[in-house]
C-alpha cells in the first residue's frame, strides 16, 4: 500500500512537471482507464497507453532507450501520426534530462569488430528476409541515402540518381574495374555494368543479399561483367580502378577506420579513385549509438558513427587524400521519410510477416532516424578520395563534370 501511494505521488508530480515545463500534445491513458493530458491542448496528437503498472518506472525516467524498450515489449502503446510519436519521444527524453540537471548518463561502448562478430552483426540486420525489405524499399532495393537532385523526385528515381551521382563523381569509364564494398542487393554494380560498361565485384557479408544479388546479376545477363562475393573487405584481394563503399563503414568501428581506409588504399590502383558514403555525427564528442542499448540490442549490433573530422583524419592516416566532400543530410532525412511512409502503408503485411515485436522495432527505428537527420543529430557525407601523394590528373579541375553530362553516361 505504501509503495502504491509513493508511486502515485511520483506520477502526479511527473504529470504536473510535464504540463508546466514540457507542455506535450499527449494524452496519458493508464491500464485502469484513467486519462491525463500532459499539455494544454484541446486535442492531443498522441495517446500514450500504459498497459501495465510495471511500465510506469520507465515513463518516470523516459530515456529514448526506456521508451523504445517499453514500446517494443508491448508495455506501452502509442496512437497518432508516426512523426508526432517520434517527436514526443524526443521531447519526453529532453524533459527527463532537464529534471536530471542536464546530465546524460551514457557509457561509451567499445566493440572488437572481429570478422566473426562483424559477419554476425551484418546478418542480424540485413538477413531479416529479402521480402521484408522489398515491402518498403524502392524496386531496386537500395538501402542507403537517395539523391534528390531537384527535391521533387520519387524514391525510385532518387535512388538511381544517387548511384549515377556516385559513379559520375568517381568518373567511372568503360572497361574499368570497380569494387563495391558492402554491395547490398547489387543495385550499384548492376548500374555500373549496364550504363557504364564497367567490370565489377560486389562484396557483402549478408547471405540473403548475396543470394538475391547473384540472382539479379544472372537474370540481367551480366555474369560475365559482375561477380558477387560473400566476403569480408579485409579478405578481398586484387587491384581496382574505382572503389565504392555506400552505407557500410558504420559497421567498421571508429578505432578500425585507419585500417579500413588503409585496406581501401591497398586495393586501389595508383591512378584510381574511391568514394566513401557513410553516416556521421555532428558533434565530435558524441555518438547517439554509443550507450544505446536499444540500437545495439535490436537494430545495429556494434554500430559506431564517427564525426566527419575523424573520417578525414583516419582517411589520411590510411594513406588516402580527400578530393571532394559533400553533405547529404537533407537527402537522407527525405529518404527515411519515404521508407517510414512505405513501412506504415504496409504495416499489416509487415506485422504478419515478421511479428509484432520486430514490426515495432523497425517502425521506431525508421521514423526515429528520420527525426535524427531532420534535426541534425545524425548526418551523412560522400567523400571522394585517391592515394595520397599520387597525381589526380584523371579528374577535371572543377566539379562541373559531375553535373554537365546526361545521367548514366561516362564522363
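Checked against the criterion of being part of a loop (DSSP other than H, G, I, E, B) and under 25 Å from residue 365 (Cβ atoms), the range 191-205 contains one or more residues that satisfy it.
Using the structure shown, decide if residue 88 is at pLDDT below 80, within 14 Å of residue 27 (Cα to Cα) and surrounded by 15 or more Cβ atoms within 10 Å (Cβ to Cβ).
yes
Of the residues making up the range 333-356, just one is without any contact (Cβ under 8 Å) to a residue 12 or more places away in the chain and not in a helix (DSSP H, G or I), namely 355.
Residues are listed down the side, and each one gets a yes or a no for (1) assigned by TED's automatic domain parsing to the domain that holds residue 275; (2) modelled with pLDDT under 95; (3) surrounded by 24 or more Cβ atoms within 10 Å (Cβ to Cβ):
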{"residue": "165", "(1), (2), (3)": "yes, no, no"}
{"residue": "178", "(1), (2), (3)": "yes, no, yes"}
{"residue": "181", "(1), (2), (3)": "yes, no, yes"}
{"residue": "191", "(1), (2), (3)": "yes, no, no"}
{"residue": "208", "(1), (2), (3)": "yes, yes, no"}
{"residue": "219", "(1), (2), (3)": "yes, no, no"}
{"residue": "224", "(1), (2), (3)": "yes, no, no"}
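All conditions but one from (1) modelled with pLDDT under 85; (2) farther than 16 Å from residue 87 by Cβ apply to residue 29; the one that does not is (1).
A quick yes/no check of all residues on (1) surrounded by fewer than 17 Cβ atoms within 10 Å (Cβ to Cβ); (2) outside any loop (DSSP other than H, G, I, E, B); (3) at pLDDT below 95:
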position: 137; (1), (2), (3): no, no, no
position: 145; (1), (2), (3): no, no, no
position: 148; (1), (2), (3): no, no, no
position: 151; (1), (2), (3): yes, no, yes
position: 160; (1), (2), (3): no, yes, no
position: 172; (1), (2), (3): no, no, no
position: 175; (1), (2), (3): yes, no, no
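Would you pick out the residues in the range 235-258 that are more than 26 Å from residue 308 (Cβ to Cβ) and assigned to a loop (DSSP other than H, G, I, E, B)? Passing the criteria: 237, 238, 239. Criterion first (surrounded by 15 or more Cβ atoms within 10 Å (Cβ to Cβ) and under 20 Å from residue 133 (Cβ atoms)) does residue 243 satisfy it? It is false that residue 243 is surrounded by 15 or more Cβ atoms within 10 Å (Cβ to Cβ) and under 20 Å from residue 133 (Cβ atoms). A residue that is in contact with a helix residue (DSSP H, G or I) (Cβ under 8 Å, 6 or more places away or on another chain) and at pLDDT 75 or above can be found somewhere in the range 15-24.
Step by step: first the residues of the range 217-234, then only those that are in contact with a strand residue (DSSP E or B) (Cβ under 9 Å, 6 or more places away or on another chain) and assigned to a helix (DSSP H, G or I), then the one that is farthest from residue 169 (Cα to Cα). Which residue is that? Step by step, filter the range 217-234, then rank; the result is 217. Among the residues making up the range 344-357, those that are at pLDDT 90 or above and surrounded by fewer than 20 Cβ atoms within 10 Å (Cβ to Cβ) are 344, 345, 346, 347, 348, 349, 351, 352, 353, 354, 355, 356. The single condition among (1) touching a strand residue (DSSP E or B) at 6+ places or on another chain (Cβ under 6 Å); (2) modelled with pLDDT under 90 that residue 380 does not meet is (2).
The values are calculated or read from the model by the stated rules, or taken from the named source; none is laboratory data. Small disclaimer: the values here were computed from a predicted structure and weren't measured. Here the Cβ is made from the backbone with ideal geometry for all residues, glycine too, and neighbour counts use every protein chain on show.
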